[in-house]
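Student: Following this message is one structure expressed as structure tokens.
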Amino acid sequence: MVKYWGKKSGGIQLPANPSISFTLKDLYTETTISTVCPNTSGKPEFDFLFEGNPKPSFIPKLTDFFERIWNEYSILSAYRIQINTSNNFPHGTGIASSASGFGALACCLAELEELHTGKPVGVEKISKTARLGSGSACRSMYEAPGIWGRHDAIAGSTDEYAIPLKSEVHPVFSHMMDAVLIVDAGEKSVSSTVGHSLLNGNPYAAARYSEATLHLSELCTALETGDMTDFIRIVEQEALQLHAMMMLSNPYFILMRPATLSVIEAVWAFRRQTGVPLMFTLDAGANVHLLFPEAHYQQVKNFIDSDLLVYCQNGQYFCSAIGSAPVRIP
């Protein structure tokens, strides 16, 4: 809802501004890891399968991740591990697949470490571990909205890991849903990692970080008081500012597509005509997330099927409830 875009220097995956997100219940990564044989090499050893197949392009990022956490997890020096992971949504299309993947992997590592040492691994350490793979992953540990990044007005907030929103969410936000319209199912032309780096030297970066900090304060207030109008304003401004920063980078780039803009304009018209509190947000990609209270599900679904399906690649979209912490696979 408030975007993480830009990293601090002098650390690993430290955010330039605080952010907040919902965790989706029905769009997820399913990951299992197991020990294979003793590790005698003195460095991380692992095998990796994505949806049942090798994925060589993932190996460098995973290698960096395991090297970062090598001293934190004794299981890595004791065993070679095998990772099997899959998504129930398209990878690499701006639906936070890296965040979901590293969040699931961090949970698996924590459980394996607990079995190995007999010592519990707390959620804050799991969140920190996930952050070292993908920054946004650290917010995916909580049923409540996850806040990541130091904010002077939010007690306990830190750049090291995410914390849950500690105040009560107003009932109007207690049953929200997210419909993800797949405008473009292809891999992004510019990765999030590269996009973050392009904030360095951007003349508008400081103003953006200040605006995000203000937006987080305002959004937390809206969540507490039930101010849906202000909530919509902040969420949509954040989405557009994220993509504006891409267009203001050097070199500049655009991840939105013409269909992305068509969906946004249709959402605005629908909200004006019906009064339904339907809003859009965007991740770092072309696809559009539509947030709305569950009470309006059928009306929004009818709108998508009648007016927005034409903008979805192969008529593809997903719908998920909001608010779920990671769960162990039975």
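Student: Please give the length that would be gained between residue 314 and residue 207 if that part of the chain were fully extended, namely 0.36 nm times their separation in residues minus their C-alpha to C-alpha distance (nm, one decimal). Write out the running numbers ahead of the final one.
Tutor: Details: separation 107, 0.36 × 107 = 38.52 nm, distance 3.88 nm.
Residue separation times 0.36 nm, minus the Cα-Cα distance, leaves 34.6 nm.
Student: Shape verdict for region 19-141, please, from the Cα gyration tensor: rounded (a/c under 1.5), prolate (a/b greater than b/c) or oblate.
Tutor: Numbers: a/c = 1.81, a/b = 1.30, b/c = 1.39.
Cα axes put region 19-141 in the oblate bin.
Student: By the scheme Lys and Arg +1, Asp and Glu -1, what is the net charge of all other residues having a beta-carbon under 11 Å from that of residue 43? All intermediate terms of the calculation are to be shown ahead of the outcome.
Tutor: Numbers: positive: 80; negative: 45, 67.
Around residue 43, the surrounding residues sum to -1.
Student: While we're here: Can you list the HN-Hα couplings for region 301-306, worked out from phi with the Karplus curve (6.51, -1.76, 1.60; θ = phi - 60°), rounded to whole Hz and with x for Gly and Pro?
Tutor: 4, 4, 5, 4, 5, 8
Student: Could you tell me whether region 80-142 comes out rounded, prolate or oblate from its Cα gyration tensor? Rule is a ≥ b ≥ c as square roots of the eigenvalues, rounded for a/c under 1.5, then prolate if a/b exceeds b/c, otherwise oblate.
Tutor: On the way: a/c = 2.75, a/b = 1.58, b/c = 1.74.
Oblate, because a/c is 1.5 or more while a/b does not exceed b/c.
Student: Shifting gears a bit: From the mean inverse distance of alpha carbon pairs (Kirkwood) and the Cα radius of gyration, derive Rg over Rh for region 46-101. Can you show the working numbers first?
Tutor: Details: Rg = 12.4 Å, Rh = 12.5 Å.
Rg/Rh: 0.99.
Student: Grab the Cα-Cα distance for residue 150 and residue 53, subtract it from 0.36 nm times how many residues apart they are, and report the gain in nm with one decimal. Before the final figure, lay out each step's value.
Tutor: Numbers: separation 97, 0.36 × 97 = 34.92 nm, distance 3.90 nm.
Length difference between fully extended and current span is 31.0 nm.
Student: Once Lys and Arg get +1 and Asp and Glu get -1 on their Cβ, which of 276, 295, 198 lies farthest toward the positive end of the dipole of region 169-321?
Tutor: Value: 198.
Student: Using C-alpha positions alone, give me the convex hull volume of the chain per residue in cubic angstrom.
Tutor: Value for the chain: 141 Å³ per residue.
Student: While we're here: Residue 79's amide H: which non-local residues (gap 5+, or another chain) put their own amide H closer than 5 Å, with H modeled 1.01 Å from N in plane and none for Pro or chain starts?
Tutor: The list, which skips near neighbours in sequence, is 39.
Student: If you don't mind, there's one more thing I want to ask. Can you give the local net charge around residue 322? Use residues other than it whose beta-carbon is closer than 10 angstrom to its beta-carbon, Lys and Arg +1, Asp and Glu -1.
Tutor: Neighbourhood net charge equals -3.
Student: Among rounded, prolate and oblate, which fits region 150-264 when a ≥ b ≥ c are the square roots of the eigenvalues of its C-alpha gyration tensor, a/c under 1.5 means rounded, and a/b larger than b/c means prolate? The partial results should precede the final answer.
Tutor: Numbers: a/c = 2.04, a/b = 1.32, b/c = 1.54.
In terms of gyration-tensor shape, oblate.
Student: Let me ask something additional. Local charge sum around residue 78 (other residues, Cβ-Cβ under 11 Å, Lys/Arg +1, Asp/Glu -1)? Mind dumping the intermediate values first?
Tutor: Numbers: positive: 80; negative: 45, 113.
Once all neighbours under 11 Å are counted, the net charge is -1.
Student: GluC sites (Glu not before Pro) within region 23-58: which are DSSP loop residues with at most 12 other Cβ atoms inside 10 Å? Could the numbers behind the result be given before it?
Tutor: On the way: sites: 30, 45, 51; in loops: 45, 51.
Answer in residue order: 51.
Student: For the residue pair residue 240 and residue 324, what label-to-label distance in nm results when each label sits 7 Å from Cα along the Cα-to-beta-carbon direction?
Tutor: Taking the two extended label points, one gets 3.3 nm.
Student: Among 215, 175, which comes first, second and so on when ranked by fewest other beta-carbon atoms within 10 Å?
Tutor: 175, 215
Student: Among the listed pairs 61/188; 25/125; 188/301; 61/128; 7/128; 7/61, which are separated by more than 19 Å between their Cα atoms?
Tutor: Pairs exceeding the cut-off: 25/125; 188/301.
Student: Per residue, how big is the convex hull of region 104-186 when only Cα atoms are used? Give it in Å³.
Tutor: Spelled out: Cα convex hull of region 104-186, divided by residues, is 155 Å³.
Student: Moving on to the next point. Which FRET efficiency, nearest 0.05, do residue 170 and residue 261 yield, Cβ-Cβ r, R0 30 Å? Write out the running numbers ahead of the final one.
Tutor: Working: r = 31 Å, r/R0 = 1.04.
FRET efficiency, residue 170 to residue 261: 0.45.
Student: Here's something else I'd like to know. With everything on Cα atoms, drop me the angle between helix 258-274 and the longest principal axis of the chain, reported from 0 to 90° to the nearest 10.
Tutor: Rounded to the nearest ten degrees, it is 50.
Every read-out reported here was derived from the displayed coordinates using simple, explicitly stated rules and does not represent laboratory data. Small disclaimer: the values here were computed from a predicted structure and weren't measured. Heads up, the Cβs are rebuilt from the backbone with ideal geometry, glycines too, and the neighbour counts pull from every protein chain shown.
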